[in-house]
Amino acid sequence: MRITAEHVRSLLDSELQGAALALREGEILLLAGADLESPRYAGALVVATAAGLRGQLGDHRPSQRELEELAAGIEAGVSNLGG
């Protein structure tokens with residue numbers, strides 16, 4: 001499964017405390033920070049956080065193109081993990 005602009009938009013729009021995109025068993029999950037500590041999500045790999053993306057963007061509301069570029073950057077980072 002690919003990380004898309006829609007995943008990034010959902011992450012940025014999320015009201016979950018400590019919101020993060022995580023991968024687990026080929027699935028992309030939007031989780032609260034506290035969920036990452038749960039045994040249910042053991043082994044999940046955080047690939048982006050709302051705080052991290054907001055830090056990059058500041059108060060700027062990203063365009064669709066910027067969301068696609070952010071998603072492509074996250075996807076490239078994930079792909080590089082595979083070696």
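Looking at the stretch 46-66 only, could you name the residues that are modelled with pLDDT of 95 or more and of a type in the set (A, V, I, L, M, F, W, C)?
Across the stretch 46-66, the qualifying residues are Val46, Val47, Ala48, Ala50, Ala51, Leu53.
Against the definition (under 11 Å from the mean Cα position of the chain (by Cα) and in contact (Cβ under 8 Å) with a residue 60 or more places away in the chain), how does Leu70 come out, yes or no?
Numbers: under 11 Å from the mean Cα position of the chain (by Cα): yes; in contact (Cβ under 8 Å) with a residue 60 or more places away in the chain: yes.
Yes: the conditions hold for Leu70.
Within the stretch 47-83, which residues are over 16 Å from Leu21 (Cβ atoms) and touching an Asp or Glu at 6+ places or on another chain (Cβ under 9 Å)?
His60 - this is the single residue of the stretch 47-83 that is over 16 Å from Leu21 (Cβ atoms) and touching an Asp or Glu at 6+ places or on another chain (Cβ under 9 Å).
Kindly list the number of the only condition in (1) in contact with a strand residue (DSSP E or B) (Cβ under 6 Å, 6 or more places away or on another chain); (2) more than 26 Å from Ser63 (Cβ to Cβ); (3) not polar (S, T, N, Q) that fails for Ala22.
Ala22 satisfies every listed condition except (2).
The values are calculated or read from the model by the stated rules, or taken from the named source; none is laboratory data. Just so you know, these numbers come straight off a predicted model, no measurement behind them. Counting neighbours? That spans all protein chains shown, and the Cβs are built from the backbone with ideal geometry, glycine included.
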